[in-house]
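Scroll down for the structure; my scribbles are underneath it.
Rule-based calculations on the coordinates, nothing more; no lab input. Since the model is a prediction, treat every value here as computed from it, not as a measurement. Virtual Cβ from ideal backbone geometry, glycine too; neighbours counted across all protein chains shown.
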């Protein structure tokens, strides 16, 4: 427990350090407030300048959202998860939405349309990335795979290598300017593009990610890094992201993909942290096989229509249903009785559940078992829980209360 607390404290410090420095700040520092070491006449000296700004010179602005409340333009976002849980299929689904200006799942907000850049070290463009994009009807003309960097030395020797976030941001910048209207850059996995940096060395990772955050802000592009989970047995999901804590600290929002322990075919995409907006819930999805018109077999994401009101910690540490089925069944019956009188704010449901002795985690698992719906409130942006039409009909029948029938 003490080790977990120390890691949390380290994460908070790193978040404070990993902030982008804007070009405007640099210009203002040069004009008004920079300090440098004295120089000797005729001899250039090394210098160190402090960049600072007076806040009355900073103009307030709203967050520029790509996916409202989840992924922001000009920021770094992270999705982590074990292999095989659909992280790459998720990125294909997001690319399909962005390149066509489609609708985001659950809330149905419209995405701004633009191009998507892929830096993919694990999936082949021809047999994996393109088929998955075709399966979600992405605009392939707006999907760009950045394959490699080609260097030519003074002797004319040509060498092809992987792009490095440490040394090649200027080259990536040239691609963005050439393509135009790039909205999203997907880096999968982000640890494959560190340019030889030890992904577990916090200071080195922080020094690499800070310029990346500045790069995202300068070009108003959302950067989505994909990561794996470590083998730690900690119950804190935030500390399960592989590599240095600096990855999570640099990200303004982070999500985790996990299996639903009560349904092996069901996956959950849940928020780990969000520095830019309040937690508005996660998503449930499944990976479905599909065959393209050309006969190729691939897979795609199928989103469920309702939000998932479960934390990442709860999902990762949940016991299988067979161990808690009694408590969940009892909680479900409690919800059916409570909501039979009419819809209720989720905050009020939580208060009533606590009075009845139910944990919020058990209540949310009971809700996910069916019969209960949730919709966003138009007043305080909260959630309203109510019986589904089917559940309400069954509740009206004498003696009928078992929704599993």
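Using mean Cβ contacts within 10 Å as the protection proxy, how do 71-84, 293-306, 245-258 order, highest first?
245-258, 71-84, 293-306
Need one number for the stretch 81-186: average projected area of the convex hull over its C-alpha atoms, nm². Kindly include the intermediate steps, with their values, before the conclusion.
Values: hull surface 33.4 nm².
Its average projected convex-hull area is 8.3 nm².
Provide, as a two-decimal number, the C-alpha radius of gyration of the stretch 129-239 over 2.2 N^0.38 Å, N being how many residues it has.
Its radius of gyration relative to the 2.2 N^0.38 Å reference: 1.25.
How large, in Å, is the stretch 177-315 by the Kirkwood hydrodynamic radius built from its alpha-carbon pairs? Walk me through the numbers on the way to the answer.
Details: mean 1/r = 0.0584 Å⁻¹.
Hydrodynamic radius (Kirkwood, Cα only) of the stretch 177-315 equals 17.1 Å.
When only C-alpha pairs under 8 Å and at least 6 residues apart count, what is the relative contact order of the stretch 278-367, in percent?
With pairs under 8 Å counted, the relative contact order is 25 percent.
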